[in-house]
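J.: The structure under discussion is supplied below as structure tokens; questions concerning it will follow.
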Amino acid sequence: MIKKVLIAFSIVTLLLLVGSVGYFFQLTEGDTQKAKLISTQHSMESISLALTMFQLSEGRLPTEDEGIKILHSKGILTDLEVDSWGNPFVYSIDTTVEGQFKIESYAADSKKGGDGSAADLSLEKNVFE
């Protein structure tokens, strides 16, 4: 079961990577910030898939203290600990809703909040949906 999930995750990761690389070749130098936004969004989706795989194999989401680093130590995810600006992703769980988590990037300014290229990115999902 876990082996099938890992293979599926590897295929999805590869597809996301190929799509991202193809898109980046079309970009001009003026689109650097847009490229960073897109790359970070793809990374957040990959982390989301890895969190779902962790839930399937461990029966729970990582704690906030464990964070996404545990995905690396379990071999579920490689890289993707930082966003396109070199800032660590912020992982949190909603303790009131089973399976609910949030991944955030504080983007260019490395601070919560912001506008334009400094606007935060977030992805909130539930592993059971």
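The values are calculated or read from the model by the stated rules, or taken from the named source; none is laboratory data. Because the structure is a prediction, the values reported are computed rather than measured. FYI the Cβ positions are ideal-geometry reconstructions off the backbone, even for glycines, and counts take in every protein chain you see.
J.: Of everything in region 118-129 that's in contact (Cβ under 8 Å) with a residue 24 or more places away in the chain and in contact with a helix residue (DSSP H, G or I) (Cβ under 6 Å, 6 or more places away or on another chain), which residue is farthest from SER43 (Cα to Cα)?
T.: Only one residue fits best here, namely VAL127.
J.: Go through region 94-120 and give me each residue that's closer than 12 Å to SER48 by Cα and crowded, with 17+ Cβ neighbours inside 10 Å.
T.: GLN100, PHE101, ILE103, GLU104
J.: All but one of (1) at pLDDT 95 or above; (2) part of a helix (DSSP H, G or I) hold for SER117, so report the exception by its number.
T.: (1)
J.: I'm trying to understand the selection: among the residues of region 52-68, which are within 19 Å of ASP120 (Cβ to Cβ) and buried (at least 17 other Cβ atoms within 10 Å of the Cβ)?
T.: ILE68
J.: Just need a number here: residues in region 63-92 that are small (Gly, Ala, Ser) and within 15 Å of MET53 (Cβ to Cβ).
T.: Adding up the residues that qualify gives 2.
J.: What residue, of LYS74, LYS34, is among the charged types (D, E, K, R) and at pLDDT 90 or above?
T.: Answer to the check: LYS74.
J.: Sticking with this one: Being touching a residue at least 60 places away in the same chain (Cβ under 8 Å), out of contact with any Pro (no Cβ under 6 Å at 6 or more places or on another chain) and assigned to a loop (DSSP other than H, G, I, E, B), is that true of even one residue in region 55-73?
T.: The answer is yes; a qualifying residue exists.
J.: If you take the residues of region 75-87 that are loosely packed, with under 15 Cβ neighbours inside 10 Å and not acidic (Asp, Glu), which of them is farthest from MET44 (Cα to Cα)?
T.: Of everything passing the filter in region 75-87, GLY75 is farthest from MET44 (Cα to Cα).
J.: Now a separate question. Please tell me if THR13 is at pLDDT 85 or above, among the β-branched types (Val, Ile, Thr) and under 15 Å from LEU80 (Cβ atoms).
T.: Criteria not met by THR13.
J.: Right, here's the next one. Working only within region 95-117, note down all residues that are closer than 23 Å to SER57 by Cβ and in contact (Cβ under 8 Å) with a residue 24 or more places away in the chain.
T.: VAL97, GLU98, GLY99, GLN100, PHE101, ILE103 - these are the residues of region 95-117 that are closer than 23 Å to SER57 by Cβ and in contact (Cβ under 8 Å) with a residue 24 or more places away in the chain.
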